[in-house]
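Engineer: If you scroll down you'll find the structure; I have some questions about it.
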Amino acid sequence: MTARCAEAIEFGTLVDYHTGELGPGEAAFEQHLFTCATCADRLAVLAAIGDAVATVAARGRVFAGVTAAHLAGLEAAGLRLRTYRLQPGSSVLCTIAPEDDANVVRLAADFRGVDGVDLTVAVHQGSATPPTRRCRDLPIDHAAGEAVLLYPGHTIRPLGTATFELELTDARSQRLLGRYTMHHRPWPGAAATS
């Protein structure tokens, strides 16, 4: 059994190191990692989890907030993406074709001074009370002026007719940035459940 570390490295610092974002002080950090089996083991576990998540995400199999660069990588890898762009207050008809791997939803808003956004999605199907999903602190693609969402096809394809009401808020202040509506219809001839 490995002895406990008296100077355990914080989880956030391990993440920053693993993603190459640690910056100043990296040499002292690495020195600690080379001499501390406990922290080195924690980093190895973090790396293994990160690699597994990255593999699943790279295949477009998880809902995620992504950047335009990430989407370009998915398309270069051969994924078929159906894209919808919305401005605040707008609505769109949407579907997913049998050959689509994922839907991309690009939500424009005024992101000046905003570092991250929270997304709330209510899904209306029939007369049932809509389930609400909240995703916290999604990234913003500032270059594109959008929050870019990736919805895997396997999560959308089984849906029947449904309406998605989306709200973006500033993750810090909770100021409303935009409301958007998507009216989903199954692909003609596709078997969907309601």
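Engineer: Given the criteria in the same structural domain as His70 (by TED's automatic domain parsing), under 14 Å from the mean Cα position of the chain (by Cα) and not charged (D, E, K, R), does Thr132 qualify? Can you show your working first?
Structural biologist: Working: in the same structural domain as His70 (by TED's automatic domain parsing): yes; under 14 Å from the mean Cα position of the chain (by Cα): no; not charged (D, E, K, R): yes.
Judged against the criteria, Thr132 is not a match.
Engineer: Can you find a residue in region 181-193 that is touching a Gly at 6+ places or on another chain (Cβ under 7 Å), in a strand (DSSP E or B), more than 13 Å from Asp115 (Cα to Cα) and in the same structural domain as Pro98 (by TED's automatic domain parsing)?
Structural biologist: So in region 181-193, the residues touching a Gly at 6+ places or on another chain (Cβ under 7 Å) come out as 186, 192-193.
Still in the list and also in a strand (DSSP E or B): 193.
Checking the rest, the ones that are also more than 13 Å from Asp115 (Cα to Cα) come to 193.
Those still in the list that are in the same structural domain as Pro98 (by TED's automatic domain parsing) too: none.
No; the residues of region 181-193 include none that is touching a Gly at 6+ places or on another chain (Cβ under 7 Å), in a strand (DSSP E or B), more than 13 Å from Asp115 (Cα to Cα) and in the same structural domain as Pro98 (by TED's automatic domain parsing).
Engineer: Enumerate the pairs (first residue in region 114-126 and within 22 Å of Gly160 (Cα to Cα); second residue anywhere and not in a strand (DSSP E or B)) with beta-carbon separation below 6 Å, excluding pairs fewer than 6 apart on the same chain, so at least 6 apart or on different chains.
Structural biologist: Filtered contacts from region 114-126: Ala122/Pro130; Val123/Pro130; Val123/Pro131; His124/Pro130.
Engineer: Moving to a separate point now. Could you list, in sequence order, all residues of region 83-113 that are closer than 30 Å to Arg175 by Cα, of a type outside the set (S, T, N, Q) and in contact with a helix residue (DSSP H, G or I) (Cβ under 9 Å, 6 or more places away or on another chain)?
Structural biologist: Within region 83-113, Cys94, Ala102, Val104, Arg106 meet the criteria.
Engineer: Please specify each residue of region 175-194 satisfying the condition of being surrounded by fewer than 19 Cβ atoms within 10 Å (Cβ to Cβ), over 19 Å from Pro98 (Cα atoms) and touching a residue at least 12 places away in the same chain (Cβ under 8 Å).
Structural biologist: Within region 175-194, Arg179, Thr181 qualify.
Engineer: Can you tell me which of Val15, Val62, Val56 is of a type outside the set (D, E, K, R) and at pLDDT 70 or above?
Structural biologist: Values: Val62 fails: at pLDDT 70 or above; Val56 fails: at pLDDT 70 or above.
Val15 is the lone residue from the list that is of a type outside the set (D, E, K, R) and at pLDDT 70 or above.
Engineer: Keeping to region 136-149, report how many residues are surrounded by 15 or more Cβ atoms within 10 Å (Cβ to Cβ) and over 17 Å from Gly89 (Cα atoms). Reasoning before the result, please.
Structural biologist: Of the residues in region 136-149, the ones surrounded by 15 or more Cβ atoms within 10 Å (Cβ to Cβ) are 138-141, 144, 146-149.
When the remaining residues are screened for being over 17 Å from Gly89 (Cα atoms), the result is 138-141, 144, 149.
Number satisfying all stated conditions: 6.
Engineer: Show the residue pairs that are 6+ apart or on different chains and have beta-carbon atoms under 8 Å apart, the first residue being within region 163-174 and closer than 15 Å to Asp137 by Cα and surrounded by 18 or more Cβ atoms within 10 Å (Cβ to Cβ), the second being among the small types (Gly, Ala, Ser) and at pLDDT 95 or above.
Structural biologist: Glu167/Gly178; Leu168/Ala109; Leu168/Gly178
Engineer: Let me ask something else. So for region 78-85 (the condition being part of a loop (DSSP other than H, G, I, E, B), out of contact with any Gly (no Cβ under 8 Å at 6 or more places or on another chain) and modelled with pLDDT of 90 or more), does at least one residue qualify?
Structural biologist: At the first step, the residues of region 78-85 found to be part of a loop (DSSP other than H, G, I, E, B) are 78-80.
Checking which are out of contact with any Gly (no Cβ under 8 Å at 6 or more places or on another chain) leaves us with 78, 80.
Still in the running and modelled with pLDDT of 90 or more: 80.
Yes, there is a match, as at least one residue in region 78-85 is part of a loop (DSSP other than H, G, I, E, B), out of contact with any Gly (no Cβ under 8 Å at 6 or more places or on another chain) and modelled with pLDDT of 90 or more.
The values are calculated or read from the model by the stated rules, or taken from the named source; none is laboratory data. The model shown is predicted, which means the values in this text are computed figures rather than measured ones. Note that we place each Cβ from the backbone using ideal geometry, even for glycine, and neighbour counts take in every protein chain shown.
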